[in-house]
Amino acid sequence: MTGNYDRTISAADHGLGPETVWEIQLPAIRFGRNAVEELDFQLAELGVDDGASGLIITDEPMVQTGHVDRVTDHLEDAGFDVTVWDGAEPEPSIETVDSCLEFVRENEGAEGYDFYLGMGGGSSLDVAKGTRAVMANGGEVLDYVAEPTGAGETLTESGDPLVLVPTTAGTGSEISPVAIYAVEEKEIKEGISSNHVRADAAVLDPTLTTTMPASVTAATGMDALAHALEGYTTHDHDSFLRPEDPAQRPVYAGQTDVTEMFGRRAIELVANNIRTAVHNGEDVEARAAMLKASLFGAICGLTAGVSLSHAMAYPVGNQYHTSHGETIAVLTPASTLGYNVASDPERFAEIATLLGADVEGMSTREAADEARREYVRLQQDLNVLPSGLAELAGISADEIDWLATQTVETQQRLLRCNPRPVTEEDALQVFHDALHNWE
């Protein structure tokens, strides 16, 4: 048995023993070219009757691509009454979800719509998840955000059916039990974490991802890779404490054989396909491979748990309003593939091979360190990502003290998943190391 229980989970009662049970929960998953044309069938499988009213939650750019019209036309031809709300925004705030809730209540009252469909990148999907959850349980978003920011109430109902249709390949929000929102007045991000947040179904259609620009393809793809890398290197599930009540088991619950299998395959898929997807966006085979990598990476990382690079990314995003994918991309070399390598060099040596590095003749530790160099070479090949925090947002060494403090003080939910303990001094050094990944 491995792990320090004082470090991996905060718990006053240390009479608890190591975890002995793991579980995995996923939505119904429909994957493939033109899978979106089976949405009517998917809704019927969820018990939604012909003539039911539904709300598509998305953003204006997605409407402009024509993808939303494709979905509304299909559903209306199948007999559903569909309304579109396109007010989602990148890195959505609590107020964004409040606006969507107000729209629902004004149009359909307290009962809401018969079904909800989130369509777009992770931001739109998270707005859809929060809207459906609050409509089902009542109140406001902050009621279900952890204290001290919110009231810390527990979700008890999942609500009317929710189907998520991602049009990017990376966030994993379509299967995740977590929805993340900016709390603008506090300059932090908070999440609602519950299996009642998780969608009932996810429809993944690579033909919807071909309109992604190269920069978005790269950023979301590196987010998918980070999910796989972090989930593949976090603690084993039996390194955590077993809760007295199974309902209190955290949604990020550690590595299992299942998460390892999906994580390993996700790393390979990204390494072998992201260059083509970025430089030749019309290649549907590469797009399908990246969408599959996103799914597999999410099954790994959003079940086992993401860790240091995500913990560091949230303060950066809050302070500098950077995109999540780009932020993760510039932090991963110094954090997951730098600071964390000492936790298990053999595993990181395997990651180097999965990324495509030639490690023949190297020692285990030399091969482990090669994972970072191979990752940076991949980013350089994509030629659309910033080279570090300095290029990402003009961040200088004088500004990282606050970021390190925020990481340690506000992100313990993720740091408990990190394979090495992280002090404020450690976080400061990693931030400094991430200012420049290459010159």
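The values are calculated or read from the model by the stated rules, or taken from the named source; none is laboratory data. Predicted model only: the values in this text are computed from it and were never measured. Neighbour counts run over all protein chains shown; Cβ positions are idealised from the backbone, glycine included.
Here residue 147 passes the criteria (1) more than 23 Å from residue 26 (Cα to Cα); (2) surrounded by fewer than 24 Cβ atoms within 10 Å (Cβ to Cβ); (3) in contact (Cβ under 8 Å) with a residue 12 or more places away in the chain except the one numbered (3).
Matching residues to (1) modelled with pLDDT under 95; (2) part of a helix (DSSP H, G or I); (3) of a type in the set (S, T, N, Q):
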site	(1), (2), (3)
278	no, yes, no
285	no, yes, no
289	no, yes, no
294	no, yes, yes
299	no, yes, no
303	yes, yes, yes
312	no, yes, no
360	no, no, no
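Against the numbered list (1) in contact (Cβ under 8 Å) with a residue 12 or more places away in the chain; (2) in a helix (DSSP H, G or I), residue 398 comes up short only at (1). Kindly evaluate residue 143 against the criterion of being among the charged types (D, E, K, R) and within 21 Å of residue 64 (Cα to Cα). The answer is no for residue 143. Within segment 296-330, being within 21 Å of residue 183 (Cβ to Cβ) and either among the hydrophobic types (A, V, I, L, M, F, W, C) or free of Cβ contacts under 8 Å to residues at least 40 places away in the same chain (or both) holds for 306, 311, 312, 313, 316, 328.
Here 366, 409, 399 are screened, and the one residue that is at pLDDT below 95 and assigned by TED's automatic domain parsing to the domain that holds residue 235 is 409.
Determine whether segment 380-392 contains at least one residue that is among the hydroxyl-bearing types (Ser, Thr, Tyr) and surrounded by fewer than 18 Cβ atoms within 10 Å (Cβ to Cβ). Yes, some residue in segment 380-392 is among the hydroxyl-bearing types (Ser, Thr, Tyr) and surrounded by fewer than 18 Cβ atoms within 10 Å (Cβ to Cβ). Among the numbered conditions (1) touching a Phe, Trp or Tyr at 6+ places or on another chain (Cβ under 8 Å); (2) part of a loop (DSSP other than H, G, I, E, B), the only one that residue 340 does not meet is (2). Residues in segment 56-82 that are on the phi < 0 side of the Ramachandran plot and over 27 Å from the mean Cα position of the chain (by Cα): 73, 74, 75, 76, 77, 78, 80, 81, 82. Applying a threshold of 6 Å to beta carbon distances and a minimum spacing of six or more residues, or different chains, the list of pairs starting in segment 413-439 at a residue that is surrounded by fewer than 19 Cβ atoms within 10 Å (Cβ to Cβ) and ending at one that is in a loop (DSSP other than H, G, I, E, B) and of a type in the set (A, V, I, L, M) reads 433/334. Listed by position, the strands (runs of 3 or more DSSP E) contained in segment 159-221 that have at least 1 residues being surrounded by fewer than 22 Cβ atoms within 10 Å (Cβ to Cβ) and at pLDDT below 95 are 178-183, 188-193.
So which residues in segment 21-65 are in contact with a helix residue (DSSP H, G or I) (Cβ under 9 Å, 6 or more places away or on another chain), part of a loop (DSSP other than H, G, I, E, B) and closer than 22 Å to residue 298 by Cα, if there are any at all? Of everything in segment 21-65, those that are in contact with a helix residue (DSSP H, G or I) (Cβ under 9 Å, 6 or more places away or on another chain), part of a loop (DSSP other than H, G, I, E, B) and closer than 22 Å to residue 298 by Cα turn out to be 21, 22, 23, 24, 25, 26, 32, 33, 34, 58.
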